[in-house]
Amino acid sequence: HLDADRSAMASAMLLGMREQLGDEQRDDFVETGTAHLFAVSGLHVGILAGALYWLFRVTLVPRRWALVLVVMACVAYAVVADARPPVVRATVLVAAGCAAIGLRRKRVGANVLAAAALVVLAWNPAELFRTGAQLSFLAAGCLVWLATRPTARVPADPLDRLIAETRPWPIRAARRAGYVAWQAVVLSTVIWVVAAPLVAARFHIVA
């Protein structure tokens with residue numbers, strides 16, 4: 001339902017099909033550091049899984065059925081997206097996360113990420129040497145590591161917690177928004193620092 005220009009861009013951004021894009025368009029995105037918009041990644045799968053789970057819960061679908069349907073939808077998307085390593089990795093993570101929620105088990109990020117790596121390598125061992133797969137697991141590894149770090153968002157002192165809870169809601173909302181923004185900056189910075197050497201070595205550019 002889109003015209004030629006928009007359909008090519010949409011296919012590249014949603015399904016990773018870049019064949020219809022011209023060389024000039026690709027170069028523009030590479031030089032501006034936004035080429036990752038054409039990389040179908042775990043973010044796509046995460047958005048799909050989160051949106052569907054919220055939709056199913058709002059429409060009163062039983063929790064276990066919602067989890068099963070989310071996994072099925074992510075697997076279908078992975079097939080449509082040509083089973084690229086980042087999508088396979090994210091699909092395995094979503095499936096493991098949904099299984100853990102359904103079975104009331106603790107989710108261990110490093111173990112699940114390792115399982116996803118084994119699935120990707122079993123699917124195609126050559127992915128071990130491809131930059132896209134390396135960047136995908138490098139970024140996911142950073143996120144898993146950062147998620148296990150202690151956070152100072154909740155005060156340790158009970159008196160400080162009581163003071164924080166009695167503040168007016170606009171102040172609490174502003175502080176929460178500031179904390180989320182700060183976390184986003186930290187996550188982005190750490191991933192950029194860790195990935196920059198690999199990007200520079202393979203693409204000879206640092207955006």
Inset, instruction - Among the numbered conditions (1) in contact (Cβ under 8 Å) with a residue 12 or more places away in the chain; (2) surrounded by fewer than 12 Cβ atoms within 10 Å (Cβ to Cβ), tell me where Y53 comes up short. - result: (2)
Legend entry - Residues within region 113-124 that are closer than 25 Å to F38 by Cβ and open to solvent by 40 Å² or more (accessible area, probe 1.4 Å), tallied: 4
Legend entry - Filter pass, S136 being under 22 Å from the mean Cα position of the chain (by Cα), open to solvent by less than 40 Å² (accessible area, probe 1.4 Å) and under 30 Å from A116 (Cβ atoms): yes
Inset, instruction - Confirm whether L43 is more than 18 Å from R130 (Cβ to Cβ) and at pLDDT below 80. - result: no
Inset, instruction - Might you check whether a residue that is within 21 Å of V199 (Cα to Cα), surrounded by 10 or more Cβ atoms within 10 Å (Cβ to Cβ) and small (G, A, S) occurs anywhere in region 141-156? - result: yes
Legend entry - Residues of region 17-50 that turn out to be free of Cβ contacts under 8 Å to residues at least 24 places away in the same chain, within 21 Å of V206 (Cβ to Cβ) and either in contact with a Gly (Cβ under 9 Å, 6 or more places away or on another chain) or among the aliphatic types (A, V, I, L, M) (or both), as a count: 1
Inset, instruction - Find all pairs meeting these conditions: Cβ atoms under 9 angstrom apart; at least six residues apart or on different chains; first residue within region 169-190 and more than 22 Å from C142 (Cβ to Cβ); second residue loosely packed, with under 11 Cβ neighbours inside 10 Å. - result: R172/E165
Inset, instruction - Using the structure shown, decide if R105 is surrounded by fewer than 10 Cβ atoms within 10 Å (Cβ to Cβ) and under 30 Å from V71 (Cα atoms). - result: no
Legend entry - Among the candidates W192, W169, residue that is over 30 Å from H36 (Cβ atoms) and open to solvent by 60 Å² or more (accessible area, probe 1.4 Å): W169
Inset, instruction - Given the conditions (1) over 30 Å from N111 (Cα atoms); (2) at pLDDT 85 or above, report the number of the one that A164 does not fulfil. - result: (2)
Inset, instruction - Identify, by number, the condition in (1) out of contact with any helix residue (DSSP H, G or I) (no Cβ under 8 Å at 6 or more places or on another chain); (2) open to solvent by less than 90 Å² (accessible area, probe 1.4 Å); (3) at pLDDT below 85; (4) within 30 Å of H36 (Cα to Cα) that A110 doesn't meet. - result: (1)
Legend entry - Condition broken by W65, with the remaining ones in (1) more than 23 Å from W123 (Cα to Cα); (2) modelled with pLDDT under 85 satisfied: (2)
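The values are calculated or read from the model by the stated rules, or taken from the named source; none is laboratory data. Note that the structure is predicted; figures quoted are calculated from it, not measured. Quick reminder, even Gly has a Cβ in these numbers, built from the backbone with ideal geometry, and neighbours come from all protein chains shown. Accessible surface is based on the protein model in full, side chains and every heavy atom, while ligands, DNA and RNA are left aside. Shrake-Rupley method; radii C 1.70, N 1.55, O 1.52, S 1.80 Å.
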